[in-house]
Amino acid sequence: MRRNRWRAVWAAVLCILLCGCSTGTNYSRQHTVALVVKSTQTEFWLSVFAGAEAAATEYNLKLNIIGPDTEEDYEAQNQMVADAVSEGAEAIVFSAIDYENNAAAIDDAAKQGAKIVAIDSNVDSEAVSTYIGTDNYAAGQMAAQAALDRVNTPLKVGIVNYDISSANGQEREQGAVDTFADSGRAEVISVINTLADAGHAKRDTAALLTSHPEINVLLAFNEPTSVGAAQAIEEMGLSDTVFLVGFDSNVATVDGLQEGSVDALIVQNPYAMGYLGVESAYKLLAGQAGGMERIVDTSTQIVDRDNLFEVDSQKALFAFDSR
């Protein structure tokens, strides 16, 4: 009887040592996760990568980060997804360039057994287990309200958006347009779509402001378009007459806040998107998806000259080490 009892004890100890049964957590097997994003160039994505790498370290994951050269190349993204699965990725953390045209690649990856997490920009696929990112419609509303609260005269609005097939950009635009319409004192004069590249955005913004000199409020919906719009306003000498609301944190736009070419920034939380995206991938692979939310809204806030140097604003602008 005693010998059998000790055998049972040692069996339990062996189970704990080999597979972590005492905590329900097993980091002994290293899963492979691919983070496939829109770009690898901007400060927004560098912050996403910092969060993703922190989660990969915490959960003992092999993390591969890949993205195309431009934020318009959805075909390259599709090939990257296929290559990642063929090379052993068990989960894909994905930010879609094109809501519809990326869907088939994600569906195929899921059919081959990969778990799917979407961050930042969603994709039209039922295979997505959870979406982690900004409530983009609400962020567009926030951008419009930032201008409405700070400009006392009637608003003549120009909107500088990026790829027309990107879900988050279109949702931001719709939120802004609806808010301006509801206000009764704003008119959207023109909406343009440009490349997610500061140089292109600068040229297209300059052309917009030249064609429509009545514009006194400008909204730009991601980091490169915001940088380009700010540069156009500064070079055209319009800092005192055009109120610019941009998105995200970049050295150029933060400087613009201080110098006058930028008046407000809608700042997302890319670090949290990266961290929570990879953490969610781990939970799916480890069988811990119970209770996982379908949509996780990461924080968004307005930073302007009045609150620029407050602690919360600084944390939002330079969020490389906080969730």
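Please treat every number below as a calculation from the coordinates, not as lab data. Just so you know, these numbers come straight off a predicted model, no measurement behind them. Cβ atoms come from the backbone with ideal geometry, glycine included; neighbour counts cover every protein chain shown.
Pairs exceeding a 23 Å alpha-carbon distance, out of Lys62/Lys315; Lys283/Lys315; Lys202/Lys315; Lys115/Lys315; Lys38/Lys62: Lys62/Lys315; Lys283/Lys315; Lys202/Lys315; Lys115/Lys315. With θ taken as phi - 60° and the Karplus curve 6.51 cos²θ - 1.76 cosθ + 1.60 applied, the whole-hertz 3J(HN,Hα) list for segment 243-252 is 8, 9, 10, x, 10, 6, 10, 9, 3, 5 Hz, x standing for glycine and proline. Amide H contacts under 5 Å for Leu218: Gly158, Phe243, Leu244, Val245, restricted to partners 5 or more places along the chain or on a different chain, H placed in the peptide plane at 1.01 Å from N.
Helix 167-183 and the long axis of the chain differ in direction by around 50°, with both axes built from C-alpha atoms. Taking other residues whose beta carbon is less than 13 angstrom from the beta carbon of Gly113, and scoring Lys, Arg as +1 and Asp, Glu as -1, yields -1. Applying a DSSP loop filter and a limit of 13 other Cβ atoms within 10 Å to the GluC sites (Glu not before Pro) in segment 43-114 leaves Glu87, Glu100. Kirkwood radius, segment 136-267, all distinct C-alpha pairs, inverse of mean reciprocal distance: 13.9 Å. Modelled spin labels at Ala104 and Ala76, positioned 7 Å past Cα toward Cβ, are 2.1 nm from each other. Around the Cα centre of segment 136-267, unit charges on the Cβ atoms of Lys, Arg, Asp and Glu (plus for the first two, minus for the last two) sum to a dipole of about 180 debye. Label-to-label distance, Gln314 versus Asn152, with points set 7 angstrom from Cα along the beta-carbon direction: 3.2 nm. Of all the options Asp297, Asp163, Asp255, the one that moves most in a Gaussian network model of the chain with Cα springs shorter than 10 angstrom is Asp255. For segment 62-69, the Karplus equation 6.51 cos²θ - 1.76 cosθ + 1.60, evaluated at θ = phi - 60°, returns couplings of 8, 10, 10, 10, 9, x, x, 6 Hz by residue, with Gly and Pro reported as x.
Within segment 236-323, the proportion of C-alpha pairs whose separation exceeds 14 Å stands at 68%. Relative to the current alpha-carbon distance between Asp69 and Asp178, full extension at 0.36 nm per residue lengthens the span by 35.9 nm. In terms of overall dimensions, the chain has a Cα radius of gyration and Dmax of 22.7, 93 angstrom. What the Cβ-Cβ distance of Thr210 and Glu293 gives, at R0 = 41 Å and to the nearest 0.05, is a FRET efficiency of 0.35. As a test, work out the antiparallel percent of DSSP beta bridges whose residues both lie in the chain, rounded to the nearest 5. Rounded to the nearest five, the antiparallel share is 10 percent. Using equal-weight Cα scatterers in the Debye expression, the normalised intensity of segment 86-137 in log10 at q = 0.23, 0.30 Å⁻¹ is -0.80, -1.24.
For the pair Thr40 and Val191, the difference between a 0.36 nm per residue extended length and the Cα-Cα distance amounts to 51.7 nm. Residue-wise HN-Hα couplings along segment 301-311, as the Karplus relation 6.51 cos²θ - 1.76 cosθ + 1.60 with θ = phi - 60° gives them from phi, are 8, 9, 10, 9, 5, 6, 10, 3, 9, 6, 4 Hz; Gly and Pro carry x. Tilt of helix 270-285 relative to the longest C-alpha principal axis of the chain, in degrees (0 to 90, nearest 10)? That helix lies at roughly 30 degrees to the long axis. Taking Lys and Arg as +1 and Asp and Glu as -1, the other residues whose beta-carbon sits under 10 Å from that of Val303 total -3.
Modelled this way, with points 7 Å down the Cα-to-C-beta line, the labels at Met236 and Asn60 are 5.7 nm from one another. Between Val296 and Tyr131, Ile132, Gly133, the built amide H atoms are under 5 Å apart, and every one of these is 5 or more places off in sequence or on another chain. Axis of helix 2-19 versus longest Cα principal axis of the chain: the two differ by about 30°, to the nearest ten degrees. Note on the chain: GNM, Cα springs under 10 Å; of Thr298, Thr130, Thr210, the largest mean-square fluctuation is that of Thr210. What trypsin sites (Lys or Arg not before Pro) in segment 151-219 are in a loop by DSSP, with at most 15 other Cβ atoms within 10 Å of the Cβ? The qualifying sites are Arg185.
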